[in-house]
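Undergrad: Please see the structure below; I have some questions.
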Amino acid sequence: MTTEVKPVLEIRDLKVHFQVNRGIVFVRNKGSVKAVDGVSLKIDPRETLGLVGESGSGKTTVGKAVIRLVNPTDGEIDFQGERVSGLSGGALREFRKRVGVVFQDPFGSLDPRMSAERIIAEPLVTHGLYPDKDERRKRVRDLLEIVGLNANMSDRYPHEFSGGQRQRLGIARAIASDPALIILDEPVSALDVSIQAQVVNLLDELQKEFNMAYLFIAHDLSVVRHVSDRVAVMYLGKLMEVGTKEDIYENPLHPYTKALLSAVPVPDPEIESGRDRTILYGDIPSPTNPPSGCVFRTRCPLADEECATTVPPLREVSPGKNVACIKV
């Protein structure tokens, strides 16, 4: 009898709405921003889920809600089979010990007043790991070497590292407490292309060595294709399509997914010149006043009157492939 593997992370109908107020003396509620509006996802052990979409789609807010940097308005978040969406105090700290985070800006996310040793040791101190100072220092030096830096760099400060090296510091800090899941929020978008490849390869090696799962948040579909096992596409707080990497890139079904993929350049000029393009006109609507029905309909080439009145559910169209579109 086979035992069903529990997901590392399972999100059900997650909503994150922010109240928008106006006025200084007489504050009035102007409405709410539906940054995330009914997202359901799961990540299995040792799996990488790529979460993609335009700026303002809500993908970063999903990551922040998981680690509770923002509080969910509604929905459930389970981590390794335990409900964590309502945790606080010591229980929340214990949960955060098992989840690492790597931020987009490798300089802004590091305290310029702290040495590399203190930066990496911070989660160890916070969570009471390696209380012996000498053991903690050895752990830090080991982590520096694991991420491809020299252990003798431990007394340097962030400004003494290059951008790629600073991101390696951030990765070392994220894996310091042996997490089961790492949330990577645009981890390579601020780096040069050549450095991006090095960091992506490092993440791949670390995942294989430490059996971690990744939530990889990005807008660069070429990077997501390289690192992900499955891909989820977001638009204006909602999921448009979810499937395996092969499903999404080789057989996209949602018009938004097709538009995103058609915008990715192909190195071969002959192939590039003969490709069909899906052009999206207009800007992403305001999340304070999203369109009725399907939120993508104002930019969708397939939209008709039915799309204005029907909210498309995210439904399974084939094993493991889910699409939110009534025209598919």
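Undergrad: For LYS15, give me every one of the lysines with a C-alpha distance below 21 angstrom, ignoring sequence neighbours fewer than eight places off in its own chain.
TA: LYS30, LYS34, LYS42, LYS59, LYS64, LYS238
Undergrad: Give the long-range amide H neighbours of LEU9: residues separated by 5 or more places, or on another chain, with amide H under 5 Å away, using H modelled in the peptide plane at 1.01 Å from N.
TA: Sorted by chain and number, the residues that satisfy this are ILE43, GLN80.
Undergrad: What are the aspartates and glutamates whose alpha-carbon lies under 16 Å from the alpha-carbon of LYS6, with same-chain residues fewer than 8 places away excluded?
TA: Answer for LYS6, where 16 Å is the Cα cut-off: ASP44, GLU47, GLU76, ASP78, GLU82, listed by chain and number.
Undergrad: Sticking with this one: Within the stretch 37-66, name every residue whose backbone N is under 17 Å away from a label modeled 7 Å from Cα of GLU76 along the Cβ vector.
TA: Those under the cut-off are 38-43, 66.
Undergrad: If you don't mind, another one. If you stretched the chain out fully between LEU69 and GLU305, how much longer would it get, using 0.36 nm times the residue separation minus the C-alpha to C-alpha distance? Please list the in-between numbers first.
TA: Values: separation 236, 0.36 × 236 = 84.96 nm, distance 3.90 nm.
Computed gain between LEU69 and GLU305 is 81.1 nm.
Undergrad: Straight-line reach from LYS138: which lysines have a Cα under 25 Å away, not including same-chain ones fewer than 8 places off?
TA: Correct list for LYS138: LYS97, LYS208.
Undergrad: Right, another one. With θ set to phi - 60°, apply the Karplus curve 6.51 cos²θ - 1.76 cosθ + 1.60 along the stretch 72-84 and write out the HN-Hα couplings as whole Hz, x wherever there is a Gly or Pro.
TA: For the stretch 72-84, the Karplus-derived couplings read x, 6, 7, x, 10, 10, 10, 10, 6, x, 10, 6, 10 Hz, x marking Gly and Pro.
Undergrad: What number, in nm² with one decimal, is the all-direction average of the projected area of the convex hull of the alpha-carbon atoms of the chain?
TA: Values: hull surface 84.4 nm².
Its average projected convex-hull area is 21.1 nm².
Undergrad: Grab the Cα-Cα distance for GLU135 and SER318, subtract it from 0.36 nm times how many residues apart they are, and report the gain in nm with one decimal. Let's see the in-between values first.
TA: Details: separation 183, 0.36 × 183 = 65.88 nm, distance 5.12 nm.
Between GLU135 and SER318, full extension yields 60.8 nm more.
Undergrad: Where does the charge balance sit around GLU145 when Lys and Arg score +1, Asp and Glu -1, over other residues with C-beta under 12 Å from its C-beta?
TA: Details: positive: LYS138, ARG139, ARG141, ARG168; negative: ASP142.
Residues close to GLU145 contribute a combined charge of +3.
Undergrad: Follow-up question, since we're still on this one. Hey, what do the phi angles of the stretch 321-326 turn into as Karplus ³J(HN,Hα) couplings, whole Hz, using 6.51/-1.76/1.60 and θ = phi - 60°, x for Gly and Pro?
TA: 3J(HN,Hα) across the stretch 321-326, in whole Hz: 10, 10, 9, 10, 7, 7.
Undergrad: Can you put MET212, MET240 in order, fewest other beta carbons within 10 Å first? If you can, show how the numbers build up before the last one.
TA: Numbers: MET212 23, MET240 28.
Sorted ascending by nearby Cβ count, the order is MET212, MET240.
Undergrad: So what is the 222 nm mean residue ellipticity for the chain from helices alone, if each DSSP H run of at least 4 adds -39500 (n - 2.57) and you divide by all residues, rounding to the nearest 500 deg cm²/dmol? Intermediate results must be reported in sequence, preceding the final value.
TA: Values: 11 runs with 105 residues, N = 328.
One gets -9000 deg cm²/dmol as the mean residue ellipticity at 222 nm.
Undergrad: Separate question: For the stretch 108-117, just list the computed ³J(HN,Hα) in residue order, Karplus coefficients 6.51, -1.76 and 1.60, θ = phi - 60°, integers in Hz, with x standing in for Gly and Pro.
TA: So the Karplus estimates, Gly and Pro as x, are x, 8, 10, 6, x, 8, 10, 6, 4, 4 Hz.
Undergrad: As I understand it, the dipole of the stretch 34-143 uses +1 on the Cβ of Lys and Arg and -1 on the Cβ of Asp and Glu, about the Cα centre. Which of PRO72, ILE119, PHE103 lies farthest toward its positive end?
TA: Going by the charge dipole, the pick is ILE119.
Undergrad: Using the alpha carbon gyration tensor of the stretch 276-328, what are the three equivalent-ellipsoid semi-axes (square root of 5 times each eigenvalue), largest first, in whole Å?
TA: Numbers: eigenvalues 80, 45, 24 Å².
The three semi-axes for the stretch 276-328 are 20, 15, 11 Å.
Values quoted throughout were computed directly from the atomic coordinates according to the rules given, and no laboratory measurement underlies them. The shown structure was predicted, so the numbers you read here are calculated from the model rather than taken from an experiment. When we count neighbours, we look across all protein chains shown, and the Cβ atoms used for this are built from the backbone with ideal geometry, even at glycine.
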